[in-house]
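Encoded as structure tokens, the structure appears first; notes follow it.
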């Protein structure tokens with residue numbers, strides 16, 4: 001393994017901080033970069049890019065949900081000596097028409113560096129760290145996906161796959177579809193969370209329920225309708241099928257959703 005540090009972007013985020021921890025536990029030098037982290041990196045400030053990337057050889061690349069991956073940064077990173085880029089993308093982006101992530105994948109593939117694309121399914125942590133947590137605490141989640149089943153995956157497993165790709169051989173040119181061990185509907189996932197947390201959580205899977213919930217939160221109705229169309233495309237793609245990627249890449253079994261929910265509840269994630 002090259003002794004140059006690995007650059008981890010989003011190092012205080014859900015996957016980034018776990019990648020940092022896993023690499024450091026393995027004795028790998030890490031440059032942990034974020035807007036307010038150990039090393040400053042800000043997508044909106046190109047002046048922060050070169051100091052963050054200089055002297056690194058491998059990079060965990062991700063951008064916050066609302067931001068694209070700027071091709072200018074990727075070009076700079078390769079010019080500065082980054083030889084392997086591990087990109088956090090997502091499953092289902094073709095069905096959802098997610099041009100932000102589709103463009104990011106193209107940028108990385110065309111960068112001239114070795115690349116690995118990590119495409120996880122829905123994060124378990126969306127329910128306790130992310131954008132579903134307020135709904136879980138409120139006792140109702142609305143999402144227009146009906147009975148669609150997703151292979152929810154734990155952020156610890158995503159980080160383990162990313163860390164393996166950053167430090168091992170044989171991962172260049174790979175696109176890893178990272179999933180949990182089984183597919184669940186959102187209603188089933190929320191039932192598991194409800195049992196673990198000791199609080200009922202209702203699921204509303206219709207377009208009408210989602211539109212009502214979003215407008216109640218103050219979101220523009222037109223935006224909500226566009227999101228409903230994207231979710232309809234995801235439904236048309238059908239149920240997710242679990243993969244063996246976590247086991248094949250890391251040598252361990254992926255975390256089951258019930259174990260995730262029990263651990264999150266024990267930490268007090270859903271205490272009102």
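If you scan the range 1-18, which residues turn out to be within 18 Å of residue 81 (Cβ to Cβ), in contact with a helix residue (DSSP H, G or I) (Cβ under 9 Å, 6 or more places away or on another chain) and either free of Cβ contacts under 8 Å to residues at least 24 places away in the same chain or surrounded by fewer than 17 Cβ atoms within 10 Å (Cβ to Cβ) (or both)?
Residue satisfying the conditions is 1 alone.
Considering only the range 57-74, state which residues are crowded, with 22+ Cβ neighbours inside 10 Å and out of contact with any helix residue (DSSP H, G or I) (no Cβ under 8 Å at 6 or more places or on another chain).
Across the range 57-74, there are no qualifying residues.
Considering only the range 207-243, state which residues are loosely packed, with under 15 Cβ neighbours inside 10 Å and in contact with a strand residue (DSSP E or B) (Cβ under 8 Å, 6 or more places away or on another chain).
Correct list: 212, 239.
Can you tell me which residue in the range 249-262 is farthest from residue 161 (Cα to Cα), limited to those that are touching a helix residue (DSSP H, G or I) at 6+ places or on another chain (Cβ under 9 Å) and part of a helix (DSSP H, G or I)?
Per the criteria, the residue is 262.
Please give the number of the condition residue 95 fails out of (1) farther than 15 Å from residue 9 by Cα; (2) touching a helix residue (DSSP H, G or I) at 6+ places or on another chain (Cβ under 6 Å); (3) modelled with pLDDT of 95 or more; (4) in a helix (DSSP H, G or I).
Only one criterion is unmet by residue 95, namely (3).
Give the number of residues within the range 14-43 that are at pLDDT below 95 and under 19 Å from residue 69 (Cβ atoms).
Selection size over the range 14-43: 2.
Need a quick list: helices (runs of 4 or more DSSP H) entirely within the range 98-183 having at least 1 residues that are within 18 Å of residue 59 (Cβ to Cβ). It would help to see each step written out before you state the result.
Values: elements: 99-109, 133-138, 155-167.
Counting at least 1 such residues, we get 99-109, 155-167.
Tell me the residue from 77, 52, 21 that is part of a helix (DSSP H, G or I), surrounded by fewer than 18 Cβ atoms within 10 Å (Cβ to Cβ) and under 23 Å from the mean Cα position of the chain (by Cα), please.
21
Can you say whether residue 200 is at negative phi and surrounded by fewer than 13 Cβ atoms within 10 Å (Cβ to Cβ), as far as the supplied structure shows? Explain how you work it out, then say what you get.
Numbers: at negative phi: yes; surrounded by fewer than 13 Cβ atoms within 10 Å (Cβ to Cβ): yes.
Yes: the conditions hold for residue 200.
The values are calculated or read from the model by the stated rules, or taken from the named source; none is laboratory data. Here the structure is a predicted model, which is why all the values come from computation and not from measurement. Using ideal geometry, Cβ is built from the backbone for each residue, glycine included, and neighbour counts are taken over all protein chains shown.
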